[in-house]
Amino acid sequence: MASASQLRNRINRQGNDVRRILVTGASGDVGRKTLLHLLKTRPASDLVALVRDSSKAEDLAALGVELRQGDYFDRASLLHAFAGVEKLMMTSTHAFTDRKTAQGNVIRAAVDAGVEHLVSMSIARKKNSTFSMKEITEEDLFTEQMLMSSGLTYTLAYHPPFLDVLAFYIGANACETGVRVPAGSGKFAAATRDDLAAAHAAILSGDGHENKSYTLTGDPSVSFSDIAEILSNIHGKEVPHTTLSDEAYFELKRADGVPDFVVEFACKWVQGMNAGEWEDQTGDLEALIGRRAKTAPEFFRDDFPLSAKR
């Protein structure tokens, strides 16, 4: 197998443009959507999709995006895949894996392959907050610190809760059963993954984002009580907001067949939302995508409960 430097030299000798954009996790929701937004402004020949299984990204290949196979836990595969790449979007690997090793491998391979600019995504943290999420906060901080000390040009994109994952927390049948979650009145500025992906694409395809961070937030912020009111207005009937103990919420999710470790993770997200951890609004998302992001009322009118099936 040729080294990354040999591949770069080979590409240069062939006269091909090496200033390409690679998006990792391209068979996942955020990665795929980022590439689809990039295709609106860049030719497919500029784009590379990193996947573990090429069969899961055949739709991207059909659009002309080059597929390269690689695994976060296989540094050699990453080094080979990153050859000839100028900008790289590192989509966060999911919780319940060794995220420090996985994302550290991506950063080291990007340095060794000669990548110039790496864009990373983390969960937003409120200033001076002590709120911490198992499997998320410590790993995000590790990744950010490693990236900023790597010598790479970087951009950090901080995410709020996803609007299109709220169905998991409140239940896909919330219109019938009510919004049933642990108690709390905090608000959160959730956004859709599609809008967040559009922001990623704007960073990757634009200039002036070097060594900057953006906190991407929706507008307006809403509480779970607000969501019940939104659903009530949409459907013309009262959708109650029912507060549960953490134990009762656990039992509700267990009854749906959700494993305990996932319920614990979901409960922590709900606690953060109820505490106002993601209530702040920055305007960064709208500034990057050049339009208003989808609001909670629009999402629940157009996409709920379809999002529960994704």
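The values are calculated or read from the model by the stated rules, or taken from the named source; none is laboratory data. No experiment lies behind these values; they were computed from the predicted model shown. With ideal geometry, Cβ positions are generated from the backbone for all residues, glycine too; neighbour counts draw on all protein chains shown. All accessible areas refer to the heavy atoms of the entire protein, side chains included, with ligands and DNA or RNA removed. Shrake-Rupley method; radii C 1.70, N 1.55, O 1.52, S 1.80 Å.
In a GNM of the chain with a 10 Å cut-off on Cα contacts, which of Leu50, Leu252, Leu35 has the highest mean-square fluctuation?
Leu252
Starting from the Kirkwood Rh over alpha-carbon pairs, what translational D in µm² s⁻¹ does segment 122-267 have by Stokes-Einstein at 25 °C and 0.890 mPa s?
This corresponds to a translational diffusion coefficient of 141 µm²/s.
Strictly greater than 19 Å: what percent of every Cα pair in segment 240-310 meets that?
More than 19 Å apart: 57 percent of the Cα pairs in segment 240-310.
Classify segment 156-207 as rounded, prolate or oblate from the Cα gyration tensor: take a ≥ b ≥ c as the square roots of its eigenvalues, call it rounded if a/c is under 1.5, otherwise prolate when a/b beats b/c and oblate if not.
Here segment 156-207 falls in the prolate category.
Taking 2.2 N^0.38 Å as the expected size of a compact globular protein, what ratio does the Cα radius of gyration of segment 106-179 give against it, to two decimals?
So the Cα radius of gyration is 1.51 times the expected 2.2 N^0.38 Å.
Can you compute the helix-only [θ] at 222 nm over the chain? Use -39500 (n - 2.57) per DSSP H run of at least 4 residues, normalise by all residues, nearest 500 deg cm²/dmol.
Taking each H run of at least 4 residues, the total per residue is -12000 deg cm²/dmol.
Could you check which residue among Thr155, Thr97, Thr243 shows the biggest mean-square fluctuation in a GNM of the chain with a 10 Å Cα cutoff?
Sorting by GNM fluctuation, first place goes to Thr97.
For segment 178-193, just list the computed ³J(HN,Hα) in residue order, Karplus coefficients 6.51, -1.76 and 1.60, θ = phi - 60°, integers in Hz, with x standing in for Gly and Pro.
x, 8, 10, 9, x, 5, x, 10, x, 10, 8, 9, 5, 9, 6, 5
May I ask you to derive the FRET efficiency for Asp71 and Thr177 from their Cβ-Cβ distance with R0 = 51 Å, giving the value to the nearest 0.05?
0.80
Cβ under 15 Å from Cys267's Cβ, Cys267 left aside: what net charge do those residues give with Lys, Arg +1 and Asp, Glu -1?
-3
Exactly which trypsin sites (Lys or Arg not before Pro) in segment 57-138 are in a DSSP loop and have at most 10 other Cβ atoms within 10 Å?
Lys127
For helix 246-255, what angle does its Cα long axis make with the longest principal axis of the chain, in degrees from 0 to 90 and rounded to 10?
70
Defining a contact as two alpha carbons under 8 Å apart and six or more residues distant in sequence, what relative contact order in percent does the chain show?
Relative contact order, the chain: 18 percent.
Could you give the nm distance between label points at Glu135 and Ile234, where each point is 7 Å from its Cα heading toward the beta carbon?
2.6
From the C-alpha gyration tensor of the chain, pull out the three semi-axes of the equivalent ellipsoid (sqrt of 5λ each), sorted largest to smallest, in whole Å.
The answer is 37, 20, 18 Å, longest axis first.
Report the paramagnetic label zone for Asp302: residues of segment 168-198 whose backbone N is under 15 Å from a point 7 Å from Cα along the Cα-to-Cβ axis.
191-198
So if we plug the beta-carbon distance of Ala248 and Asp29 into 1/(1 + (r/R0)^6) with R0 = 25 Å, what FRET efficiency do we get, rounded to 0.05?
0.25
Within straight cross-link reach of Lys237, meaning Cα distance under 27 Å, which lysines are found once same-chain residues fewer than 8 apart are removed?
Lys187, Lys253, Lys294, Lys309
Sorting Glu277, Glu247 by accessible area (1.4 Å probe), largest first, what list results?
Glu247, Glu277
For the ranges 192-198, 289-295, 206-212, what's the packing order if you count other beta-carbon atoms within 10 Å of each residue, average per peptide, and put the highest first?
192-198, 289-295, 206-212
For the chain, what is the accessible area per residue in Å² when the probe is 1.4 Å?
Result: 45 Å² of accessible area for each residue.
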